[in-house]
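This report concerns only the one structure given below.
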Amino acid sequence: MKKAITIVDVARLAGVSRTTASDALNNNGRVSEPTRMMVERAASALGYRPNAAAQSLRTATKGAIGIHLPEVMTRIDYYLQIVYGALEEAARQQINVTLITSQRLFGGHRPPVDGVILLDPLAHDTSATQLMDLDVPVVTLEPADGADQAGVVSADHEAGVRELLDHFVAQGASTPALLASPRSTNWGTRVQTAYRQWCREHGKRPFVTERTFGSDSATLAEAARELLSLDESIDAVLCGPDGSALVVMDVIQDSGRSPGADVQIAALVDNPALAYVDPPVTAIDLAPRPAGAHCVELLLGILRGERAPDEVVPLEIEVQYRASTRD
């Protein structure tokens, strides 16, 4: 299949920036006439044609992009922070955002948007499937298996999992366990796969309990007790679900042991509270607000013909190291 010509190709041939090329072809900005003619010649030579969705966005036929967040994820702060980041970037670029609910889709309504952002789509999510079938570009935060995505924003979660597990060992732990989110998202699958692979490489038996997204504190506490009962040698817990690290700390304390000293704790999703508990909890900053902003930037770039389809944008995430034992 022949690669589609994008504004990036036009800009490269004309020897100008992507923004200048876009402005020249859309009569926007302060572009000199010689530069405009040079860009137009480059576009003609390459056979560049803006896609219909890009024209729709420019002429504000719809003038909006959609973000789909499954109802179960509205109870998870991490995903809400992603939405806030997306809204901030959309406001900066003067684009409206429509939050798409399952009820509207199931009611037969086609959302009036030029493109859609899906946040780590759940497997077998009927709404996500319906949105993928729309004739508009779709950008996903983390890949959606078997879907035709126009672009993806993705982080190296495997490296984050390995870094935390190695940190446990460096701090003297011998048997790390995983309190996991389900394998119904790309992130959930990759975390569990990375943990099990690390255990195989280090000759360790994996210990995993799993709970659904959006589980309440009581459900997570039950999972933590179940996990710790699997083997008395467990001396570290890697916490997947957002907020679960605080629950695990309580469960450890209730069992008469000391969080950090007897059982180390680390979180795969950072939370402001983790820096202030005693002891503070090391966690991965998944950069949710930048993630939302990157999704908007990528989708709008694709719609405007400024970004190449099938582009994968790396999301920088970082382990926030905090004291794991009391002095």
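The values are calculated or read from the model by the stated rules, or taken from the named source; none is laboratory data. Please read all numbers here as calculations on a predicted model, not as lab measurements. So basically every Cβ, Gly included, is an ideal-geometry build from the backbone, and we count neighbours across all protein chains shown. We work out accessible area using only protein heavy atoms, side chains counted, and drop any ligands, DNA or RNA first. Shrake-Rupley method; radii C 1.70, N 1.55, O 1.52, S 1.80 Å.
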Measure nothing but the geometry: give the 0 to 90° angle between the long axis through the Cα atoms of 77-92 and the longest principal axis through the Cα atoms of the chain, rounded to 10°. 20 degrees
Name the most mobile residue of Leu131, Leu119, Leu46, meaning the one with the largest mean-square fluctuation, in a Gaussian network model of the chain with Cα contacts below 10 Å. Leu46
Considering only protein heavy atoms and a probe of 1.4 Å, how much of the accessible area of the stretch 190-251 is carbon and sulfur, as a whole percent? 46 percent
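Heavy atoms only, 1.4 Å probe, whole protein assembly: order His202, His167 by accessible area, highest first. Numbers along the way, then the final one.
Numbers: His202 90, His167 30 Å².
Most to least solvent-accessible, the answer reads His202, His167.
First compute the accessible area of the stretch 7-50 with a 1.4 Å probe, then give the percent of it belonging to carbon and sulfur atoms. Each step should come with its number before you reach the end.
Numbers: 1260 of 2650 Å².
Of all accessible area on the stretch 7-50, carbon and sulfur atoms account for 47 percent.
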Max mean-square fluctuation residue, GNM over the chain, Cα-Cα springs under 10 Å, options Ser255, Ser174, Ser154: Ser255
Segments 132-144, 258-270 sorted - mean Cβ within 10 Å per residue, highest first: 258-270, 132-144
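How many percent of DSSP beta bridges within the chain run antiparallel, rounded to 5? Please report the intermediate quantities before stating the final value.
Working: 3 of 37 bridges.
Counting only bridges with both partners in the chain, antiparallel ones make up about 10 percent.
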Ranking request for peptides 284-294, 213-223, 91-101: highest mean number of other beta-carbon atoms within 10 Å first, then the rest in descending order. 284-294, 213-223, 91-101
Any idea what the dipole of the chain comes to, in debye rounded to 20, about its Cα centre with Lys/Arg Cβ at +1 and Asp/Glu Cβ at -1? 1280 debye
Note, Val247: beta-carbon cut-off 13 Å, +1 each Lys/Arg, -1 each Asp/Glu, net -4
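Which three numbers, in whole Å and largest first, are the semi-axes of the equivalent ellipsoid of the stretch 7-50 derived from its Cα gyration tensor as √(5λ)?
Ellipsoid half-lengths, sorted descending, are 14, 10, 9 Å.
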Per residue solvent-accessible surface (Å²) - the chain, probe of 1.4 Å: 47 Å²
Quote the charge dipole size of the stretch 103-199 about the Cα centre in Debye, to the nearest 20; the model charges only the Cβ of Lys and Arg (+1) and of Asp and Glu (-1). 300 debye
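At most 15 other Cβ atoms within 10 Å and a DSSP loop assignment: could you name the GluC sites (Glu not before Pro) in the stretch 287-322 that fit?
Working: sites: Glu297, Glu306, Glu311, Glu316, Glu318; in loops: Glu306, Glu316.
When the GluC sites (Glu not before Pro) of the stretch 287-322 are filtered for loop state and at most 15 Cβ neighbours within 10 Å, Glu316 remain.
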